[in-house]
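Asks: Starting off with a structure, shown below.
What follows is calculated from the coordinates using simple rules that are stated; it is not laboratory data. Quick caveat, the model's predicted, so the values are computed rather than measured. Don't worry about glycine lacking a Cβ; one is built from the backbone with ideal geometry, like all the others, and counts go over all protein chains shown.
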Amino acid sequence: MERHEVIVVGGGIAGLTATAYLAREGFDVLLMEKNERCGGLINTFVKEGFRFEGGVRALESAGIILPMLKDLGIALETLENPVSVGIADHVIQVRSQANLHDYEVLLKSCYPESVEDVDRVIATIKRIMKDMQVLYGVSNPLFNDFRSDMAYFVKVYIPWFFKFLITLLNISRMRGPVEEFLDGIVRQRALRDIISQHFFKGTPTFFAMSYFYLYTDYFYPKGGVGQIAASVQDKILTSGGQIKTATEITTVNAAEKWISDSSGNRYAYENLIWAADLKTLYRITETAGLPPEVAGEIQTHRQKLLVAHGADSVLTLYAAVDTPPETFRELSNGHFFYTPSKQGLGEIHRSELKTLLENWATVTKADVLAWLDRFCQLTTYEISIPVLKEPAAAPEGKTGLIISTLFEYELVKRVYESGWYDEFRQEVEQRMIDVLTASIYPMLRENLLFKFSTTPLTIEKMVASSEGAIVGWSFEAPIPVTSSMLKINDTVKTPIPHVTQAGQWAYSPTGVPTAILTGRLAPDKLIRERKARARK
Ligand SMILES: Cc1cc2nc3c(=O)[nH]c(=O)nc-3n(C[C@H](O)[C@H](O)[C@H](O)COP(=O)(O)OP(=O)(O)OC[C@H]3O[C@@H](n4cnc5c(N)ncnc54)[C@H](O)[C@@H]3O)c2cc1C
């Protein structure tokens, strides 16, 4: 049986990070990924000359991503990723925090009867921006070797740390769902919806209201977001780490410390880092042969995790358009949060959707399409236009668009089981094109070269993510993992002997920066032990 000091399962950014740090320290490490390529929810692909993102559209460094690359000695060229926000025919640019004033004007012009409520929202965002400046004010200490710069440690890091503790206290006071927070300060339902409907259900208030700050932190790797995964992968290979792709792990034998893949091949490990879906880990872990108290603890964890739910998912329309980028640049920046209507989604994606799903046995195709009509008109779209970030991202004079909206996994799954999934996708694509042609992009339908779409089921299949989730666990309680920044060091531990966990399922709330952070933390104990042994 093949044998390794450490095996990492899951070649997303968390698994890549863990493997890169282990390889740098000289460990015999093997990364195993089920797909042909590593990257997971960070992936860029090209179709007929148009570059598209299959996962996250741009990155926020959050004091983590760029410091991690620097720490690993990876040179990644980055480009600007300015954001625009639009409601109906009003569009603003968000290039710096000063643009918060434009956001205030935008909201007040759309909702003139709610001026005081808008003031309260803006005051909250301003307060949170100050906390964000502290939170992301220094490079995360995990990616910064202070021993080489003690002056920085004393002059910058120690004073920062005290401010950081106060910020954590502020954050802990704003952990409730953003919908409830807005209920308390904004009377008009439409305004509340417009501010919050592109966040996941139950998003912690601090996380949601910090987004205006995060917009100004976004960057775009030259060559596409996938370049970040590719560059970490290269680093692993040049540091002596091994990567095995197209290999899905289907069994973990915890007592004998081996895993096996879908072809039945076994791989023995001394330590295992699980950087993929956690429900899968607990479903495939065999506990026979373990002491009863250990097996019991694993069973308790299994029960807690298997009833928990993944976060919201997305539906994405990819469109290639025979219209020059300049036309789109006149309308927005290359990363655009656009809501065609001021009306807000109201109960369409809440109680109405719930009723639809609860009565599925009697619901007709026409009922679903009528719901879809209103959803597509009123939802918020995240539109990414790679060619506006980098001219090489599309053929000369043409533009590729990535248009997505949060979308309910369960609805798509029911449609699939009812046998009209392909038809449903065509219907959604058509509606999204109609709505955007009638609002922000009048040329869209006429100039369309080709289109295709992906759904929550695509995400589920692509990265084996429970409920097609794109950011780990749902915020709707109970969240089965740590969500306290102060306890993040413990979040990588599991009750399975010699197994740690990393990635978007290991901590909440998450995203690329915390996937990287947990990827760095998961092998930390092993790395520290090895360094300590070397010093003796
Ligand atoms: C449309 C979209 C927008 C997003 N926007 C943002 C954003 O603005 N900001 C942000 O921070 N984050 C965003 N995210 C989320 C972010 O991309 C993810 O949270 C992050 O990339 C997760 O990384 P990961 O390594 O934890 O997991 P993944 O990327 O899911 O990697 C897990 C890997 O494990 C592999 N795997 C699964 N099961 C097995 C198995 N049994 N055997 C072997 N391999 C297996 C999978 O194929 C996958 O490659 C977005 C995601 C999407 C899709």
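Asks: Mean separation of Cα pairs under 8 Å and 6+ residues apart, divided by the residue count of segment 312-466: what relative contact order is that in percent?
Replies: On the way: 215 pairs, mean separation 65.4, N = 155.
So the answer I get is 42 percent.
Asks: A further question follows. Taking amide H atoms as placed 1.01 Å from N in the peptide plane, list the residues 5 or more away in sequence, or in a different chain, whose amide H sits under 5 Å from that of Leu31.
Replies: Correct list: Val8, Gln242, Ile243, Lys244.
Asks: A further question on this structure: Give the long-range amide H neighbours of Thr339: residues separated by 5 or more places, or on another chain, with amide H under 5 Å away, using H modelled in the peptide plane at 1.01 Å from N.
Replies: Here Gly86, Ile87, Ala88, Tyr381 satisfy the definition.
Asks: For segment 59-134, which GluC sites (Glu not before Pro) pass both filters: DSSP loop (anything but H, G, I, E, B) and at most 14 other C-beta atoms within 10 Å?
Replies: Glu77
Asks: For the pair Gln303/Phe161, report the inter-label distance in nm, with labels modelled 7 Å from Cα in the Cβ direction.
Replies: 4.1 nm
Asks: Moving on to the next point. Students often forget the sequence filter, so: which lysines lie under 17 Å Cα-Cα from Lys201 once same-chain residues fewer than 8 apart are removed?
Replies: Lys201 reaches Lys354.
Asks: Helix 365-378 versus the longest principal axis of the chain: what is the Cα-based angle in degrees, 0 to 90, to the nearest 10?
Replies: Its long axis makes an angle of about 80 degrees.
Asks: I need the phi-derived Karplus couplings for segment 164-181: 6.51 cos²θ - 1.76 cosθ + 1.60, θ = phi - 60°, integer Hz, Gly and Pro marked x.
Replies: Once θ is set to phi - 60°, the couplings for segment 164-181 become 4, 5, 5, 4, 4, 5, 4, 4, 5, 7, 10, 8, x, x, 4, 4, 5, 4 Hz.
Asks: To continue, here is another question. Among Met150, Met432, which comes first, second and so on when ranked by fewest other beta-carbon atoms within 10 Å?
Replies: By the 10 Å Cβ count, ascending, the order reads Met150, Met432.
Asks: Only counting other Cβ atoms within 10 Å, I'd like Lys487, Lys257 sorted with the fewest neighbours first. Each step should come with its number before you reach the end.
Replies: Numbers: Lys487 10, Lys257 18.
Listing Lys487, Lys257 from fewest to most nearby Cβ atoms yields Lys487, Lys257.
Asks: Mind checking the dipole of segment 312-466: about its Cα centre, +1 per Lys or Arg Cβ, -1 per Asp or Glu Cβ, Debye to the nearest 20?
Replies: On the way: 15 positive and 22 negative charges, 22 e Å.
Using Cβ point charges on Lys, Arg, Asp and Glu, segment 312-466 gives about 100 debye.
Asks: Let me ask another. Treat each spin label as a single point 7 Å out from the Cα along the C-beta direction, and report the Arg283 to Arg120 distance in nm.
Replies: 4.4 nm
Asks: Using +1 on the beta carbon of Lys and Arg, -1 on that of Asp and Glu, and nothing else charged, what's the dipole of segment 94-219 about the Cα centre, debye to 20?
Replies: Here the size comes out at about 300 debye.
Asks: Kindly write out, for segment 129-135 in residue order, the coupling ³J(HN,Hα) from the Karplus curve 6.51 cos²θ - 1.76 cosθ + 1.60 (θ = phi - 60°), rounded to whole Hz, with x marking Gly and Pro.
Replies: Each residue of segment 129-135 in turn: 4, 5, 5, 5, 4, 6, 4 Hz.
Asks: So, by mean Cβ neighbours within 10 angstrom, what's the order for 461-472, 348-359, 524-535 with the highest one leading?
Replies: Numbers: 461-472: 22.2, 348-359: 14.6, 524-535: 12.1.
Highest to lowest by the protection proxy: 461-472, 348-359, 524-535.
Asks: Taking 0.36 nm per intervening residue step and subtracting the Cα-Cα distance, what contour gain separates Gln242 from Leu169 on full extension?
Replies: Additional length available on full extension: 22.1 nm.
Asks: So for each of 140-148, 66-74 I average, over its residues, the number of other beta carbons within 10 Å; can you give me the resulting order with the highest mean first?
Replies: Highest mean packing first, the order is 66-74, 140-148.
Asks: Report ³J(HN,Hα) in whole Hz for each residue of segment 199-210, in order, from the Karplus equation J = 6.51 cos²θ - 1.76 cosθ + 1.60 where θ = phi - 60°; Gly and Pro get x.
Replies: 9, 5, 4, x, 3, x, 3, 4, 5, 5, 6, 8
Asks: Which of Thr323, Ser313, Pro292 sits farthest toward the positive end of the charge dipole of segment 292-335, with +1 on the Cβ of Lys and Arg and -1 on the Cβ of Asp and Glu?
Replies: Positive-most Cα among the choices belongs to Pro292.
Asks: Nothing charged except the Cβ atoms of Lys and Arg (+1) and of Asp and Glu (-1): what's the magnitude of the dipole of the chain about its Cα centre? Round to the nearest 20 debye.
Replies: 1680 debye
Asks: Which residues in segment 127-143 place their backbone N less than 15 Å from a point set 7 Å from the Cα of Lys70 along the Cα-to-Cβ direction?
Replies: Backbone N within reach: 136-143.
Asks: If you don't mind, there's one more thing I want to ask. How large, in Å, is the chain by the Kirkwood hydrodynamic radius built from its alpha-carbon pairs? Each step should come with its number before you reach the end.
Replies: On the way: mean 1/r = 0.0411 Å⁻¹.
Answer for the chain: a Kirkwood hydrodynamic radius of 24.4 Å.
Asks: Let me ask something additional. What FRET efficiency, computed as 1/(1 + (r/R0)^6) with R0 = 22 Å and r the Cβ-Cβ distance, is obtained for Glu77 and Asp145, rounded to the nearest 0.05?
Replies: The calculated FRET efficiency here is 0.40.
Asks: Compute the FRET efficiency between Leu449 and Thr327 as 1/(1 + (r/R0)^6), taking r as their Cβ-Cβ distance and R0 = 22 Å, and round to the nearest 0.05.
Replies: 0.90
Asks: In addition: Looking at Gly400, His101, Met129, which one has the Cα that reaches farthest to the positive end of the dipole of the chain (charges on Cβ: Lys, Arg +1; Asp, Glu -1)?
Replies: Met129
Asks: Right, something else. Based solely on its DSSP helices, what 222 nm [θ] is calculated for the chain when runs of n ≥ 4 H residues each add -39,500 (n - 2.57) and the sum is averaged over all residues, nearest 500 deg cm²/dmol?
Replies: -12000 deg cm²/dmol
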